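Participant: Have a look at the structure that comes next, please.
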Amino acid sequence: MAHNCSHTSTIRPVRPTTLGCEECLKTGQVWLHLRLCRECGHVGCCDQSPGRHATGHFHATRHPIIEGYDPPKGWGWCYVDEMVVDLPDQTPQRGPIPRYY
Ligand SMILES: [Zn+2]
Ligand SMILES: [Zn+2]
Ligand SMILES: [Zn+2]
């Protein structure tokens, strides 16, 4: 079944709001990989991380598209369609990403 993401118009050039997962940095939790929200710049951790904050951000805000961000990888993912999407650009890292593992 042919299926396309209808949310690519929400993709914006963003500046990451934090160097690592915003919620994990507050609580001192560890994360595995980072995901960057391409609508608002929120940085959250992936589903293999204990906090799963990128998915939590999607459920809280309905911002559909994230970018792999650990380090920037350039791929996009739509949570609504659960499919890989092409991003028009890749967000540069703001600085060294803190790590706790
Ligand atoms: Zn979509
Ligand atoms: Zn997190
Ligand atoms: Zn967002």
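The values are calculated or read from the model by the stated rules, or taken from the named source; none is laboratory data. This structure is a prediction, so every number in the text was calculated from the model and none was measured. Cβ: placed from backbone, ideal geometry, glycine included. Neighbour counts: every protein chain shown. Keep in mind that these areas ignore ligands, DNA and RNA; they rest on the heavy atoms of the full protein, side chains included. Shrake-Rupley method; radii C 1.70, N 1.55, O 1.52, S 1.80 Å.
Participant: Scan the range 69-89 residue by residue and report those that are farther than 14 Å from ALA54 by Cβ and within 12 Å of the chain's Cα centre (by Cα).
Facilitator: PRO71, PRO72, GLY74
Participant: Could you please find all residues in the range 59-82 being of a type in the set (A, V, I, L, M, F, W, C) and open to solvent by 40 Å² or more (accessible area, probe 1.4 Å)? Steps first, answer last, please.
Facilitator: Taking the range 59-82 first, the residues of a type in the set (A, V, I, L, M, F, W, C) are 60, 65-66, 75, 77-78, 80.
Correct list: ALA60, TRP75, TRP77, VAL80.
Participant: Run HIS33 past the list (1) within 16 Å of ligand 3 (Cβ to nearest atom); (2) under 10 Å from the mean Cα position of the chain (by Cα) and report the number of the one that doesn't hold.
Facilitator: (1)
Participant: Since GLN93 meets every condition but one in (1) closer than 17 Å to CYS5 by Cα; (2) more than 12 Å from ligand 3 (Cβ to nearest atom); (3) touching a strand residue (DSSP E or B) at 6+ places or on another chain (Cβ under 7 Å); (4) in contact (Cβ under 8 Å) with a residue 40 or more places away in the chain, which condition does it not meet?
Facilitator: (1)
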